[in-house]
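*Asks:* Sharing a structure here in structure tokens format.
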Amino acid sequence: MKIDWSDFGLSRLGEGEGGADGALSALGVAKEWGKNVEEYVGGGSGEGWVHEKLVYVPVLPGLTKSYPITPARLRMIYEDVWLTSSDGLRLHSWFIKFSPDCTGPTILFFQENAGNIAHRLEMVRIMLQKLQCNIFMLSYRGYGASDGYPSQQGIIKDAQAALDHLSQRTDIDTSQIVVFGRSLGGAVGVVVTKNNPNKVAALILENTFTSILDMAGVLLPFLKWFIGGSISKGPKILNFVVRSPWNTLDTVGEVKQPILFLSGLRDEMVPPLHMQMLYAKAAGRNKRCTFVEFPNGMHMDTWLAGGDFYWKTVQTFLQKNVIQNNDTETR
């Protein structure tokens, strides 16, 4: 499959090692992350080492905050949806329909850290075709056209606003809402799924970390002696300065809905061990967990590297845990 990434405003950075999302590659994110660390560790901020600016990367060098394209460019049926978070921020999102009368699942998609929802549109176009579902794409606060600045508690509020909106729509089957989170979006998805057992039918996680605390030592090894989560061995004496810890490992064990774990074994940013630990924690309490590995999947391109097997895996999970269950309940 040949994709013209220049349509997404990614031509200046090239494809790089990340393949499909090269301009949003883990290397690019890590470089921006490292630059921010130097600013704060170097004493440039009077607010402590690990500020939200360190954790979140709404814009990468060479790109802009605005959307390079909209779903219309890829001939998708969509509407602009403006939400208001519980703390009053205006949030932008796209609701993309497979067809005007689609009654299948609706996927609430939470994106990775870097860039905005427009950079995921080619993946979403293929997801639409392969899964024949509706897709709701949320711009976190501070990302894309949404107001505000990102933070853990703020993004959780944003995700809840998106789910509440979907739950109130009359043009979809609200019993078939599925949360799909990749990387940072997986951390977001775990929280919103745990908090809404009656609104979310199932959860899909892809290349997600155990916690930001653990990722600090992965991206900048010298930090592992001061900051760490469940899998770190250092003294963790500076954990208190991390404002957005995203302790996914602690939360995933509380999710009661079916969970599909999609793990790219060539992930160059989040060690695959993180996904294995998330699965082990969840499966210890939830028997409806499925773990699938993709040998050639990197952090951003597992959906592309996995080919038909990737999409068949997701199809099978949805059929068994969402569509089939809904058919049984309506009989």
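*Asks:* Quick one: which residues, 5 or more positions from MET269 or on another chain, have an amide H under 5 Å from its amide H? H modelled 1.01 Å from N in the peptide plane, none for Pro or chain starts.
*Replies:* Residues meeting the criterion, in which the H sits 1.01 Å from N, are HIS299.
*Asks:* How large is ³J(HN,Hα), in whole Hz, for each residue of the stretch 109-117 in order, when computed from phi with the Karplus curve 6.51 cos²θ - 1.76 cosθ + 1.60 and θ = phi - 60°, using x for Gly and Pro?
*Replies:* 9, 10, 7, 5, 6, 7, x, 10, 5
*Asks:* List the pairs from LYS224/LYS287; LYS199/LYS287; LYS65/LYS130; LYS199/LYS312; LYS97/LYS312 whose alpha-carbon separation is above 27 Å, in the order I gave them.
*Replies:* With Cα atoms farther than 27 Å apart: LYS224/LYS287; LYS65/LYS130.
*Asks:* Further question: Could you please report the charge total around ASP171, scoring K, R as +1 and D, E as -1 over all other residues with beta-carbon less than 11 angstrom from its beta-carbon?
*Replies:* In short, -1.
*Asks:* For ALA202, which sequence-distant residues (separation of 5 or more, or a different chain) have an amide H within less than 5 Å of its own amide H, given hydrogens modelled in the peptide plane?
*Replies:* For ALA202, the qualifying residues are VAL179.
*Asks:* Using only the alpha carbons of the stretch 245-331, what is the convex hull's orientation-averaged projected area in square nanometres?
*Replies:* Values: hull surface 25.7 nm².
About 6.4 nm², averaged over all directions.
*Asks:* Now a separate question. Taking the Cβ of PHE98 as the centre, find all other residues whose Cβ is under 13 Å away and add up their charges (Lys, Arg: +1; Asp, Glu: -1). Write out the running numbers ahead of the final one.
*Replies:* Details: positive: ARG75, LYS97, ARG125, LYS130; negative: ASP101, ASP171, ASP173.
Around PHE98, the charge tally is +1.
*Asks:* Turning to a different aspect of this structure: Can you run phi through the Karplus equation (6.51, -1.76, 1.60; θ = phi - 60°) for the stretch 199-207 and list ³J(HN,Hα) in whole Hz, with x for Gly and Pro?
*Replies:* 10, 10, 7, 6, 10, 10, 10, 9, 6
*Asks:* Output wanted: per-residue J couplings in Hz (rounded whole) for the stretch 68-79, from phi through Karplus 6.51 cos²θ - 1.76 cosθ + 1.60, θ = phi - 60°, x for Gly and Pro.
*Replies:* Taking θ as phi minus 60°, the curve returns x, 9, 10, x, 4, 4, 9, 6, 9, 6, 8, 9 Hz for the stretch 68-79.
*Asks:* Suppose all protein chains stay in the model; what accessible area per residue would a 1.4 Å probe give for the stretch 181-223, in Å²?
*Replies:* Using a 1.4 Å probe on heavy atoms only, each residue of the stretch 181-223 averages 22 Å².
*Asks:* Expressed in nm to one decimal, what extension gain is obtained for the pair ASN325 and ASP171 from 0.36 nm per residue of sequence separation less their Cα-Cα distance?
*Replies:* 53.4 nm
*Asks:* Hey, can you grab everything whose amide H is under 5 Å from the amide H of PHE110? Only 5+ residues off in sequence or another chain; H modelled, so Pro and N-termini drop out.
*Replies:* Close amide H contacts, sequence-distant or interchain: PHE180, GLY181, ARG182.
*Asks:* On the Cα set of the stretch 145-298, report Rg and Dmax in Å, please.
*Replies:* Taking only Cα atoms of the stretch 145-298, I get Rg and Dmax of 15.9, 52 Å.
The values are calculated or read from the model by the stated rules, or taken from the named source; none is laboratory data. Computed from a prediction, not measured in an experiment: that's the story for all the values here. FYI the Cβ positions are ideal-geometry reconstructions off the backbone, even for glycines, and counts take in every protein chain you see. Just the protein is used for accessible areas: all its heavy atoms, side chains included, with ligands, DNA and RNA removed. Shrake-Rupley method; radii C 1.70, N 1.55, O 1.52, S 1.80 Å.
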